[in-house]
Amino acid sequence: MKCPYCGASNASRVISTTHDARGGTRRRRECRQCGQRFSTYEYPVQTMPLVVKVNGSREVFDRDKLIRSIRMACAKRPVPASDIERLVDEIEARIRQLSNSEVASRLIGDMVVEGLRELDEIAYIRYVIVFRELNTLQAVHEEIERLLAHSAEKNGHGPKREPETQTGDPAAQDQLTKPAPLQAKETPSRPPHERDLPE
C-alpha cells in the first residue's frame, strides 16, 4: 500500500474498518512516515446480471447511470448524496441476491420507486411520472392520492369518518328526541319486617 501523499510503500496502519451494503470494506489508514490519513476501499469481484430492457435488448448493469437517474429526480430536493448512494447500494445488493444471469429493467425501476417513496415524496412523483409514463393530469392525480394514502397509513392516520346521520320515520325520530315525561315519585314500600305493627 502506497501513501498518496508522500509515496511511502507499506508504511501505513489501519485506524478503522467499516462495511457497506455492497459487501465492500472501507479502511481508514494513517501513514507512519508523514502522518497523513487516507481511505482505501475493497470490493469483491462479482459479475452483475445483464439488464433486459422493455424492447428486449440487453445491456450491462450501469451503476453510474442509475445514480444519475435518481439524482435527476432528487434535483433541488433536500436529499443528501449519501442517501442516494445508500439506496443504490441496497438495490445493487438485492439484484445480486436474485442470483440470476438477467434482470428486467422494470424490476430495477420498481426498486427505485420503492426506495424514493420512503426517501423523498417529490422525488418519488418525479420518477414515477417518467417510469410509469403518466401522460395525463388525472393519472398523476391518482398517483398522488395513492402516495397520500400510503403516507397516512405509515403515520398511523386513517381516513376521517363522517358523522353518522339518522334515517327512518320522522315521527319516530321526534319521539326519540323529545324528553320523557316526568313521573310522580312513589314512596318506596317498606319491607314487612320494617312496618309499624298495630298496638
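No value in this document is a laboratory result; all are computed from the given coordinates. All of these numbers come straight from a predicted model, not from anything done at the bench. Counting neighbours? That spans all protein chains shown, and the Cβs are built from the backbone with ideal geometry, glycine included.
The H on the amide N of Gln36, modeled in the peptide plane, is under 5 Å from the matching H of Cys31, each at least 5 residues off or on a different chain.
Whole-Hz Karplus values for the range 141-156 come out as 4, 5, 5, 5, 4, 5, 5, 5, 5, 5, 5, 5, 5, 5, 8, x Hz, taken residue by residue from phi with 6.51 cos²θ - 1.76 cosθ + 1.60 and θ = phi - 60°; glycine and proline positions read x.
Rounded to the nearest whole Hz, the Karplus-based 3J(HN,Hα) values (6.51 cos²θ - 1.76 cosθ + 1.60, θ = phi - 60°) of the range 64-74 follow the sequence 5, 5, 5, 4, 4, 5, 6, 5, 4, 5, 8, with x at glycine and proline.
Net charge near Gln138, counting Lys/Arg +1 and Asp/Glu -1 over other residues with Cβ under 14 Å of its Cβ? Intermediate results must be reported in sequence, preceding the final value.
Values: positive: Arg132, Arg146; negative: Glu133, Glu142, Glu143, Glu145.
Neighbour charge sum, excluding Gln138 itself: -2.
Summing charges over neighbours of Tyr124, with a neighbour being any other residue whose Cβ is under 12 Å away from its Cβ, gives 0 when K and R count +1 and D and E count -1. Extension gain, Arg13 to Gln36: 0.36 nm times the residue separation minus the Cα-Cα distance gives 7.2 nm.
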